[in-house]
1. With a probe of 1.4 Å, find how much accessible area region B:1-146 has per residue, and write the answer as a whole number in Å².
2. Where in region C:6-38 does accessible area fall by at least 30 Å² between the isolated chain and the complete protein assembly, at a 1.4 Å probe radius?
3. Search the structure for amide H atoms under 5 Å from the amide H of B:A92, placed 1.01 Å from N in the peptide plane, and list their residues when 5 or more places away or on another chain.
4. Run through the DSSP bridge list for chain B and note the antiparallel percent, rounded to the nearest 5.
5. Can you list residues whose amide H is under 5 Å from B:A200's amide H, if they're 5+ apart or on another chain and H is modeled 1.01 Å from N?
6. Share of region B:240-313's accessible area from carbon and sulfur, percent, 1.4 Å?
7. With every protein chain present, what accessible area does B:L134 have (1.4 Å probe, heavy atoms only), rounded to the nearest 10 Å²?
8. Could you give me the ³J(HN,Hα) list for region B:234-239, computed from phi with Karplus coefficients 6.51, -1.76, 1.60 and θ = phi - 60°, whole Hz, x at Gly and Pro?
Amino acid sequence: MERESVAFDVAIVGAGPAGLAAAIKIKQLAGERGLDVSVCVLEKGSEVGAHILSGALLEIKALEALFPAWRDLQAPVGVTVAEEELCYLAGSQHAVKFPDFAVPKPLRNHGHYVVSLANLCRWLGKQAEGLGVDIFAGFAADSLLYREDGGIAGVVTGDMGLDKQGRQKPGFQAGIEVRAKYTLFAEGCHGHLGKQLTERYCLREGADPQHYGIGIKEVWKIDAAKHRPGNVLHTFGWPLDGSSEGGGFLYHLDGQQVALGFIVGLNYANPHLNPYQEMQRWKLHAKIKPLLEGGTRLAYGARALNKGGWQSLPRMSFPGGLLLGCDAGLLNPAKLRGIHNALRSGMLAAETVLESFAAGDGAELDNFEQKFRASPIYSELYQARNVAPALSKWGPLLGGAFFWLDQNLLAGRLPFTLRKPRADHAVLKAAAACPPIDYPCPDGKISFDLMASVALSNTHHEADQPCHLQLRDADVPLAVNWPQYAEPAQRYCPAKVYEVVADANGNRGLVINAQNCVHCKTCDIKDPAQNIDWRPPEGGGGPNYTNM
Amino acid sequence: MNRILLIAEHNGQNLDPATAKSLTCALQIPHQTLDIAVFGSSRAPAESAAKLVGVNRVLFVELPENQAGLAVCLCPLVVELSADYTHVLVPATSFGRDLLPRVAAKLNAAQVSDIVAVDGDRCFKRYVYAGNALITVQAPAGTVVASVRANAFKPTSAGGQAVVETVDLNLELPRHTRLLGLNRSVSERPDLQSASRVLAGGRGVGGKSGFDDLYRLADKLGAAVGASRAAVDAGFVPNDLQIGQTSKIIAPDLYIAFGISGAFQHLAGIKDAGVIVAVNTDPNAPIFEVADIGLVADLFEVIPQLEQALANK
Amino acid sequence: MKILVAVKRVVDYNVQLHVKSDGSGVETDGVKMSINPFDEIAVEEAIRIKEAGHADEVLVVSIGSDACQEQLRAALAMGADRALLVKCDRDVQPLLAAKALQALVGQERPQLVLMGKQAIDDDACQTPQMLAGLLDWPQATFASRIVIAGAGKVEVTREVDAGLETLSLDLPTVISTDLRLNEPRYIKIPQIMKAKSKPLQMLDLADLPITETPLLNIVTTSAPEPRPAGVRVGSVAELVDALKEKGVL
Ligand SMILES: Cc1cc2nc3c(=O)[nH]c(=O)nc-3n(C[C@H](O)[C@H](O)[C@H](O)COP(=O)(O)OP(=O)(O)OC[C@H]3O[C@@H](n4cnc5c(N)ncnc54)[C@H](O)[C@@H]3O)c2cc1C
Ligand SMILES: Cc1cc2nc3c(=O)[nH]c(=O)nc-3n(C[C@H](O)[C@H](O)[C@H](O)COP(=O)(O)OP(=O)(O)OC[C@H]3O[C@@H](n4cnc5c(N)ncnc54)[C@H](O)[C@@H]3O)c2cc1C
Ligand code: SF4
């Protein structure tokens, strides 16, 4: 197909902290050196921030490195962590608070800030535009564009105006080629182009498989009397049984709002597990429920996050481009924090890009690997490398004890590295061999029906377009996943996209409600048959998060 | 004391039901007089208006048929009449919505649109943001100009006996607008958007043949047929039948949901329905939370029984 | 012919709104904002009229805060030629908007004003009719088809409750657009880049010659009442009785 094309010096895919930090830093450095470097950022969300979902506690240093004057520039970073609690939930009533000395260092949050990452990204986007970056929101980078020598030449944006069968509707607009000397991929956790790049350039050679969690999050407005800005709570234990990893967080923001969420490791084995229901049940705990009572739920969403850490790090450079932030899995799994590393990786990329421009036409970005190994991102991930595998291996209590020892006394200097060689999709057990889980009915006050929740993600997709959740083999869900695992997609998807329904004659079929999708990427990760490919839907489709 | 003028809506012969409903709203405003203005070529609608309880006078302004529906022609007439009134009201139909703001601009009045409740002399309630918020607004000093969401009020009954006065205003009407034609939509079935009864089917209806049953019942009831998204997605019915947040928002007097679970997005399209009935086999289906009448039963048994019951009526 | 299109910045129609607990309005912090969908259709129609050779300039106008530049840029990227922002930091009610547009029409002398039939925030459905009234121009609301007929006339098909009504109007005129008029085009990246260099002029509302304008006072905003709980019936016979009792059968 003939496509229009536009050219930039640097094209960046994804307006998250990694992509925006790269764009900003490139402009800053180019400015210092009197160079004119054109930079564009493609963002699949309808606006910057629309698809951003995080906790979030922010380690401020990285932002400070980008904008030393962030305060004067009115960055939406106002609330510092004031009080913090780490609790083990023993059943639905009891919470055991860890005394401060017993809290592993990476889980201490003093000096950090409670932020809405979506709002922070909106602000970063404004700063970037102020520096001359072209941000195109509502445009997904759909596929890769190759140079003759096999390197990356840019990306192609998605076609607009195809119908369900893929035929052109009136008003059809072919996607365009965005060509660039360097293309930086910052799609966040499990980017769909990142997945293709990893395969094409064998970026994972020698690395463990990536591990993941799914985070389900809500924002509530609560009673002023119960609201304590800067208050931070982390929990582990209940409602998960000892065999599944995960825990909850609850952060008090400003404006009487709290952000709360529950993260479930996607290495769970019981196919009956339903992360959404775990989150709903977790809110009923005596430690959480009283806080929410009388409040209003404002927002809902979900997003996968990386947990592989150091052992799963891929090579991040390839001819013509780099993989940044969570697209490369830079989240620190011991802290479950990745924003600072996303920002740092963006800045490192910017330095590399400018050096390569200085080195002249055709210079590659290989230098990045070296810079990365010398960076605080690498040392931080290395130091934390044994925490997540230990928690997997030995469970929250014993593993937690190791966590404390390893991080508080030994600072990660143990002479060995624990590994988790099995990918998350490969660990599901047969449904028949696992106990079904009995989740309580939603009460409509604290816990809610799934579709009422999805409504609060403001997700929207044009109805008449090709399904963006593609099955490699259409028979797998019913022929394999159903008999073996009772099709777990029905439960792990936090937006009720997958439903197995029976018709009047009892014939089962899989229904894919693609319009509900909140772009969390869990299905692409957890499907036991690795049969689902998440593709970007028509530009602008997906959730419209406000302050997630 | 308030003097209210309500502009009637009619089709040339018959008064539109929206007029009697808007009258109910108007009557709730404390007043000294309440008059109805009828513009048209036939006195018949004016005569019917005069029978509505609570009306003091009916002002009949004769106009050729092809001008009687044109806002640009009616506007100067209404402005002229309004001099005697503190309040000018119309039903918020396509006719009223077209006309009234033009009048308001001429009177330098801030109009209140689509009122659903009266809260005093010049204070009203209305929905904003597609029904997601309800506001109480107060009209500023000067003539109160408001349109009424007719479906929010019950019709005033007949039984009154006001006089019909013919008023000759003798104004030069603009000639810049000509009516070329009105194509009344003719469909054997009532239009989903405006039908007073709607039967809706969801995924539980199971297929095209289930919808055939629903259509048969609908024809007996003079009802329109609608559907949930799942039913449309499954290809049971075309997409113009879809009801909900992202499709048609309806407010029939009677709405019966067959095999619809009652997802939030679907309910957003029916929240103003008069009576909501749900037929569903799942006693925990969320639809029962909003239904005025719920029946936990298999729709395939209910539909034929209902047909029978109606036949026996 | 010059076409003036008015666009309003509103909360995006996909956003689930929450009423503030103190009754002072709805939460709009960080909420996605867009061109009012009906206005987008008006912009599209204006561009199509120009593309068909019936107009030589499409001017888009918005009245509101600085942030409305975003929506004006989007209209420019669709294909409008020039934009004008009338700055005003308070709530722009329909009568005020109509008067501001009346003043602009005086300055710009368009032959055709296209506007969305209703803004999806206040759902008032007033401004186009008010503007037509103030200008003493013809009006055609809820348009689903617009044909520039030549000889200074335009034919408009309107979606009215009874069906479809067709009017012939003399130019200049005001037309308000309904959903089925057209489907707005997708914006393309090269056009967004081009739109950056199209003229966007700023004015202050206070600098326009506008007469004293009365405003509605919004006393409180509340969440709509949930429906009261209903009854369960045990059989079709009981259902029919219940329906009769409610007067709907
Ligand atoms: C529930 C949860 C809680 C968390 N809590 C914390 C915390 O407290 N502290 C912390 O530091 N970190 C936290 N994290 C992790 C943190 O959010 C991530 O590390 C961080 O967001 C990664 O930044 P990024 O720029 O790499 O990617 P993202 O923030 O994911 O941004 C990627 C952007 O790219 C866009 N995009 C993706 N693909 C395409 C495409 N093909 N074309 C165009 N655009 C595309 C996306 O729409 C998105 O806007 C949390 C994560 C989750 C899920
Ligand atoms: C952004 C977004 C927008 C949406 N917009 C809309 C919209 O505009 N309109 C809309 O409708 N939906 C919309 N949806 C989809 C909505 O969330 C639901 O998925 C959909 O309404 C479900 O349709 P249903 O009730 O027919 O199907 P289901 O939820 O599958 O319910 C079927 C019901 O039928 C019952 N049933 C089965 N057999 C029988 C029987 N024999 N007798 C009686 N009962 C039986 C079952 O108990 C069940 O309750 C939207 C979703 C999203 C995310
Ligand atoms: S379909 Fe996949 S990506 Fe979309 S919400 Fe469900 S699990 Fe997440």
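The values are calculated or read from the model by the stated rules, or taken from the named source; none is laboratory data. Since the structure is predicted, the reported quantities are computational estimates derived from the model, not experimental observations. Note that we place each Cβ from the backbone using ideal geometry, even for glycine, and neighbour counts take in every protein chain shown. SASA here: full protein model, heavy atoms, side chains in, ligands and nucleic acids out. Shrake-Rupley method; radii C 1.70, N 1.55, O 1.52, S 1.80 Å.
1. Spelled out: the 1.4 Å probe surface of region B:1-146, per residue, equals 30 Å².
2. Flagged in region C:6-38: C:Y13, C:N14, C:V15, C:Q16, C:L17, C:H18, C:V26, C:E27, C:G30, C:K32.
3. Those lying under 5 Å, H to H, from B:A92 are B:V148, B:R149, B:A150.
4. Antiparallel bridges make up about 20 percent of those DSSP assigns within chain B.
5. B:G226, B:I256, B:A257, B:F258
6. Here it works out to 49 percent.
7. 30 Å²
8. 6, x, 5, 9, x, 6
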